[in-house]
Each structure stands twice: as structure tokens, then as C-alpha cells.
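Data block below; observations after.
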Amino acid sequence: MGEREPAAARKAAKAGRAAKSAGAAKPESRLALVRRARRINRELAEVYPYAHPELDFRNPFELLVATVLSAQTTDLRVNQTTPGLFAAYPTPEEMAAAHPEELEQIIRPTGFFRAKAKSLLGLSAALRDRFGGEVPGRLEDLVKLPGVGRKTANVVLGNAFGVPGITVDTHFGRLVRRWKWTEQEDPEKVEAEIAALFPKSEWTMLSHRIVFHGRRICHARKPACGACPIAPLCPAYGEGETDPEKAKKLLKYEMGGQPGQRLNPPADYPGRPAPPLGAE
């Protein structure tokens, strides 16, 4: 086993360099791009068969609130905060009637708590007054709620309503540009270009797999190239650590033997649950 790992790593490195040089010598055709993108998706599906939204939620309202809170913070911090939040305000009606300062104090650990409290009060009131206390299942309705943009709407639609959607967060955008699937920076343009590469039925799970990979292996500053299962398909191979043993030490969450981000992960999650607030 100890001998096979370096051999596999060398093979991946050689393939990665070959892909890089081939890409530099000859532009990739549209057909080749689609095939490579879909193969990466298949490979990631094998690596992360348990990929899932990393926010704890029990219903569409909880997912909507958690996603709004996740801006500019980690899903872990949100998951550590929402148990107390939903214990105090379990429904849109109750959250809409919350005292602003009390709501702010509960969500303070997620950062930008005043702006987020304003959004939560506004969207809860809108759900109460315009949608009978229910989260709507249409993109055009969701994006009209305070604090809800297209990314948040797609998270809710894909994971609470089963409506396919692509979620372009920072991890997603970084990886699809590294993989040369798009050169766009604007999230809506990224979403449109990536959507054109895959069947609609793949959109939601594709988003989860890419985010999982970005958080665990293909990090922003120091990607673990030497531990990456899709290195032969990656034109950016070599931007990070290529030594297999050094790369292995860069792995995060369950890939690195550490707790995940959810306090209540799905039953098939192979890692450890995250600790509650204050127990890290």
C-alpha cells in the first residue's frame, strides 16, 4: 500500500502536467470541455457520495434563515447558533414579532448581526403577510424577500423543494474557474455557463460536490494537489502542494479526520458531528 500511493501520485502528476501542456498548446473544444466537466462530476460523486447541504435544518423556513445567516461566516458557526434561534423563534410569525435587540444577541456569533437581524425580521414578516407563513417554492418569489438573493434562493429550492439549481458560492466559483469551465466572475454568468454543461437533474448535487471538494481538498490558498482524486483532469494541477504526504496533511473535515460542519449530519456522513457552540 505504501508503495502504490506514490506511484498513483506520480501518475496523477504526470497526467496533470500533460493536461496542462495540452491545454496550453491547443484550445479545448466545446465537446472536450463538456466531457471533461462531466467526468469530473462523476469522479466527485464517487469521492463524496454523501455530499449534502452543510447547514442543519428541519424545514424550508429553517434552511432559508440558516442560509441568510451563512453570509460572511462558516456553516459551522451558523449550525452552532441556530438551535437557540429556532428554539426562541420556530416560525416566521414568531420571528417577525421578535424584539430586534434580542434577535441580534442570539445571532451575534454569525457576524454582521444587525444587518442579518434586519433581513430575518423583514423576510419573516413577508412570509407571514404575503405567503401565509410558508416559504414559497418559486425563485421569483424568494428573491423578493429581504436578504435573499439568487444564491440563497437556489439553496432553498434545491434542498427544501427538490427544484434543481446551481449554487455559486466562493468555493464553487473558485473551482470552476480553476477547472477552466468558465472565465466569468459574476455569479449569475457563472451559473448560466455551468448550467449549460450539465443536465438539469445534476445541478443541485453538482453544487454540493464542488463545494465539498473546495472545502476539503481544493483550498483557496493551498490546494492539496497531491491528494486530489481529479488531478489528471485539472488544468490547475501544481498550484498547490503536490507531495502526497504533505498534501494529505492539508485535508480538512472528514477527509482530514476532523469533525464536519453540521451538528446533526445525515446518517451516511462518514465523519464526526461538529461540537455545539462553546465546546470546540
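General remarks:
- Leading residue by the ranking (farthest from residue 123 (Cα to Cα)) among those in the range 46-71 that are open to solvent by 30 Å² or more (accessible area, probe 1.4 Å) and touching a Lys or Arg at 6+ places or on another chain (Cβ under 9 Å): 47
- Per this entry, residue 220 is counted among residues that are modelled with pLDDT of 95 or more and either part of a loop (DSSP other than H, G, I, E, B) or closer than 19 Å to residue 42 by Cα (or both).
- Among residues that are open to solvent by 30 Å² or more (accessible area, probe 1.4 Å), over 23 Å from residue 54 (Cα atoms) and either assigned to a helix (DSSP H, G or I) or touching a Leu at 6+ places or on another chain (Cβ under 7 Å) (or both), residue 202 is not included.
- Criterion: open to solvent by 50 Å² or more (accessible area, probe 1.4 Å), farther than 21 Å from residue 77 by Cβ and under 22 Å from the mean Cα position of the chain (by Cα) - qualifying residue of 150, 130: 150
- Residue 49 vs. criteria under 16 Å from residue 180 (Cβ atoms) and outside any helix (DSSP H, G or I): no
- Being buried (at least 18 other Cβ atoms within 10 Å of the Cβ), within 26 Å of residue 153 (Cβ to Cβ) and of a type in the set (Ser, Thr, Tyr) is a property that does not hold for residue 242.
- Residue 209 vs. criteria of a type in the set (Lys, Arg) and within 13 Å of residue 47 (Cβ to Cβ): yes
- Count of the range 160-190 residues, restricted to those that are under 19 Å from residue 33 (Cα atoms) and in contact with a Phe, Trp or Tyr (Cβ under 9 Å, 6 or more places away or on another chain), is 3.
- Among the residues of the range 89-101, those that are within 12 Å of residue 118 (Cα to Cα), in a helix (DSSP H, G or I) and either open to solvent by 40 Å² or more (accessible area, probe 1.4 Å) or in contact with a Gly (Cβ under 9 Å, 6 or more places away or on another chain) (or both) comprise 96, 100, 101.
- Residue in the range 166-181 that is within 30 Å of residue 136 (Cα to Cα), touching a residue at least 60 places away in the same chain (Cβ under 8 Å) and surrounded by 19 or more Cβ atoms within 10 Å (Cβ to Cβ) present: no
- Some residue of the range 226-242 being under 30 Å from residue 161 (Cβ atoms), assigned to a helix (DSSP H, G or I) and at pLDDT 95 or above: no
- Restricting 109, 136 to those that are under 26 Å from residue 261 (Cβ atoms) and either open to solvent by less than 50 Å² (accessible area, probe 1.4 Å) or part of a helix (DSSP H, G or I) (or both) reduces the list to 109.
- Residue 245 falls short on exactly one of the conditions (1) in contact (Cβ under 8 Å) with a residue 24 or more places away in the chain; (2) in a helix (DSSP H, G or I); (3) in contact with an Asp or Glu (Cβ under 9 Å, 6 or more places away or on another chain); (4) charged (D, E, K, R), and that condition is (1).
- Looking across the range 154-179, the residues that are under 17 Å from residue 69 (Cα atoms), of a type in the set (Val, Ile, Thr) and assigned to a helix (DSSP H, G or I) come down to 155, 156, 170.
- Candidate set from the range 247-280 (those that are of a type in the set (Lys, Arg) and over 17 Å from the mean Cα position of the chain (by Cα)); member that is surrounded by the fewest Cβ atoms within 10 Å (Cβ to Cβ): 249
- In the condition set (1) touching an Asp or Glu at 6+ places or on another chain (Cβ under 6 Å); (2) in contact (Cβ under 8 Å) with a residue 40 or more places away in the chain, residue 69 is compliant with all but (1).
The values are calculated or read from the model by the stated rules, or taken from the named source; none is laboratory data. Just so we're clear, the structure is a prediction, and the values are computed from it rather than from any experiment. Cβ atoms come from the backbone with ideal geometry, glycine included; neighbour counts cover every protein chain shown. We work out accessible area using only protein heavy atoms, side chains counted, and drop any ligands, DNA or RNA first. Shrake-Rupley method; radii C 1.70, N 1.55, O 1.52, S 1.80 Å.
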